[in-house]
Amino acid sequence: MKTGILLLLFILAPFLATAQFSSAQRQMNMSNNMVRQQNQMSLQIQRQQRDLASYSAIQASNENKLAKEEKQNKKFNQKSEQKEIALNTEKTRLNNLKNSKSTIKNIAKAEKKVTKAAVDLDKINEKIETSNSNIANYKKTISESEQKMNALKADKAEKKRLKKEKKEAKN
């Protein structure tokens, strides 16, 4: 009888050991999964913080470019006004020369000055148009980065809230 019991224990011992090991292993796996999830959430939060810092740096850069472009646009507008005044002055000189029946050589010089002033004015107006389109692009980029930053902030707040709820649920 004693040998039968010992034989039965030797036969059942591996099954009992694996059953206990499986339970411990399951517990270990669950613990590892929880730690992995916490690490993933932490990494996501860190990534969001890096993205937020990156977007704020991009936004600051675009705001600086916008200010620079607006300043340049103001200069171009002032130059445009000066070129218009110069063009009008040259036109009046040309008209005066034509009315006074000056020599053809003087009239030709005055006409060249008028055309040069008109070309300069056109160049300045093109620069103003380019500057205006750059300003519009910078404003659009700034508003887009603000929207992305707000979305990231909201997402970050949501993740913090979920993390806090998980901690409270564990306790």
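The values are calculated or read from the model by the stated rules, or taken from the named source; none is laboratory data. Note that the coordinates shown come from a computational prediction; the quantities given were computed from them, not determined experimentally. Backbone-built Cβ (ideal geometry, glycine too); neighbour counts: all protein chains shown. Areas reflect the complete protein model, heavy atoms only, side chains present, ligands, DNA and RNA absent. Shrake-Rupley method; radii C 1.70, N 1.55, O 1.52, S 1.80 Å.
Determine, yes or no, whether Leu7 is over 30 Å from Asn137 (Cα atoms), open to solvent by less than 90 Å² (accessible area, probe 1.4 Å) and at pLDDT below 85. No. For region 11-43, which residues satisfy the criterion of being of a type in the set (S, T, N, Q) and at pLDDT 85 or above? Result: Asn29, Ser31, Asn32, Asn33, Gln37, Gln38, Asn39, Gln40, Ser42. All told, Met41 falls short of being open to solvent by 60 Å² or more (accessible area, probe 1.4 Å) and hydrophobic (A, V, I, L, M, F, W, C). Within region 72-95, the only residue that satisfies the criterion of being among the polar types (S, T, N, Q) and open to solvent by 100 Å² or more (accessible area, probe 1.4 Å) is Gln82. Among the numbered conditions (1) assigned to a helix (DSSP H, G or I); (2) more than 23 Å from Lys167 (Cβ to Cβ), the only one that Gln27 does not meet is (2). With the structure loaded, tell me whether Lys105 is farther than 29 Å from Asn150 by Cα and in contact with an Asp or Glu (Cβ under 6 Å, 6 or more places away or on another chain) or whether it fails that test. For Lys105, the condition - farther than 29 Å from Asn150 by Cα and in contact with an Asp or Glu (Cβ under 6 Å, 6 or more places away or on another chain) - is not met.
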